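Trainee: Structure in structure tokens, see below.
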Amino acid sequence: MSKSSHWSEMGEWSMIRGMRFLLRVYLLLGRSALQWFLYPVVSYYWLANKPGRAASQAYLKRVAKLSPASDLSGSLLDSYRHFICFANAIIDKLAAWSGALTLADVDYAGRGELLAQIKTGRGAVLLGSHLGNLEVCRVIADMDGAPRINVLVHTKHAEKFNRLLKQTNENSGLNLIQVTDISAATSMLLSDKIDNGELVIIAADRTPVSPHPRVSRAEFLGADALFPQGPFILASLLKCPVYTLFCLKQQGRQAIYFEHFSELLTFPRKTREHAIQQTIQSYARRLEHYCLMEPLQWFNFFDFWQLIDKESDEQ
């Protein structure tokens with residue numbers, strides 16, 4: 001397998017121009033017509049992207065070992081199904097952006113506790129992932145009286161995506177914030193948003209883009225992998241409740257799972273690294289649980305365990 005040093009070097013095939021084009025196709029011709037565009041593109045991408053294809057197979061083989069009932073083996077066919085699932089997730093993103101996806105299309109688990117928290121007037125941090133489709137939260141953001149939702153993203157195209165969101169819905173309560181690393185300025189900005197009763201969503205399953213990222217090892221799908229410390233340190237600095245958030249597609253419907261993760265994350269100075277590692281391990285267990293529930297919906301098409309392997313080779 002060709003190895004990249006970091007997931008961000010692999011690039012994104014769904015850049016802003018392409019997303020704008022796909023959105024227009026979706027709005028004009030509907031989902032069925034859009035699939036005629038998406039499937040050839042994804043098929044080509046699957047054939048051309050050898051590292052992504054190999055990473056997909058390696059991930060699915062880990063799933064197969066832990067969950068024989070999944071009927072997955074990590075074959076080329078399984079990998080192709082994985083990419084096609086990604087294509088359908090893009091259509092769901094467009095549906096969420098355009099307003100075609102409504103509250104009636106979404107099921108919830110654990111929403112009551114989060115709503116109770118919101119009613120206190122103080123916001124919360126939601127730990128997301130690249131499992132499923134976080135864009136489904138757009139539906140929640142557009143509810144009457146819903147709190148503003150801020151999503152931290154690593155893409156440099158955050159402002160362009162924000163403009164695209166506004167083009168489809170001027171009153172959207174979803175705001176994308178581009179960050180390459182979590183700094184003191186980021187913490188201050190988000191602290192204000194928490195104080196205003198807003199929600200902050202950050203994916204906790206990709207290491208930062210910065211050259212010297214702060215990471216911890218955690219067991220995930222049967223082997224150690226590196227997870228970012230930043231989301232958890234940020235949550236501790238914001239001094240607010242923390243929840244996990246997973247948005248999956250199940251039986252043709254969107255399902256959002258909220259779980260209370262911690263009322264307040266604290267990392268004592270003397271045991272700081274150990275406490276952070278244990279917290280990250282708890283998150284990794286929940287991510288694994290939901291990955292095994294819908295394995296084809298984890299869209300990390302790079303070798304997630306690669307940096308651990310490299311580290312071991314160097315020792």
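Trainee: Here are the criteria: (1) more than 27 Å from Leu103 (Cα to Cα); (2) basic (Lys, Arg); (3) in a helix (DSSP H, G or I). Tell me which single one Lys193 does not satisfy.
Mentor: Condition (1) is where Lys193 drops out.
Residues are listed down the side, and each one gets a yes or a no for (1) farther than 27 Å from Lys93 by Cβ; (2) under 15 Å from the mean Cα position of the chain (by Cα); (3) surrounded by fewer than 17 Cβ atoms within 10 Å (Cβ to Cβ); (4) of a type in the set (Ser, Thr, Tyr):
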{"residue": "Asp195", "(1), (2), (3), (4)": "yes, no, yes, no"}
{"residue": "Val200", "(1), (2), (3), (4)": "no, yes, no, no"}
{"residue": "Ala204", "(1), (2), (3), (4)": "no, yes, no, no"}
{"residue": "Ala218", "(1), (2), (3), (4)": "yes, no, no, no"}
{"residue": "Ala235", "(1), (2), (3), (4)": "no, no, no, no"}
{"residue": "Cys240", "(1), (2), (3), (4)": "yes, no, no, no"}
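Trainee: Condition test on Asp224, is it crowded, with 20+ Cβ neighbours inside 10 Å, of a type in the set (Asp, Glu) and in contact (Cβ under 8 Å) with a residue 24 or more places away in the chain?
Mentor: Criteria not met by Asp224.
Trainee: Next question. Restricting the search to segment 251-269, which residues are over 17 Å from the mean Cα position of the chain (by Cα) and part of a strand (DSSP E or B)?
Mentor: Arg253, His260, Ser262
Trainee: Need the failing condition index for His212 against (1) closer than 24 Å to Asn300 by Cβ; (2) in contact with a helix residue (DSSP H, G or I) (Cβ under 9 Å, 6 or more places away or on another chain), just the number.
Mentor: (2)
Trainee: Oh, and also: Output the residues belonging to segment 270-295 that are free of Cβ contacts under 8 Å to residues at least 24 places away in the same chain and either within 13 Å of Glu259 (Cβ to Cβ) or within 16 Å of the chain's Cα centre (by Cα) (or both).
Mentor: Ser282, Arg285, His289
Trainee: Conditions: (1) surrounded by 13 or more Cβ atoms within 10 Å (Cβ to Cβ); (2) touching a residue at least 24 places away in the same chain (Cβ under 8 Å). Ala64 meets all but one. Number of the miss?
Mentor: So Ala64 meets the others, but not (2).
FYI, it's all coordinate maths here, none of it is from the lab. All of these numbers come straight from a predicted model, not from anything done at the bench. With ideal geometry, Cβ positions are generated from the backbone for all residues, glycine too; neighbour counts draw on all protein chains shown.
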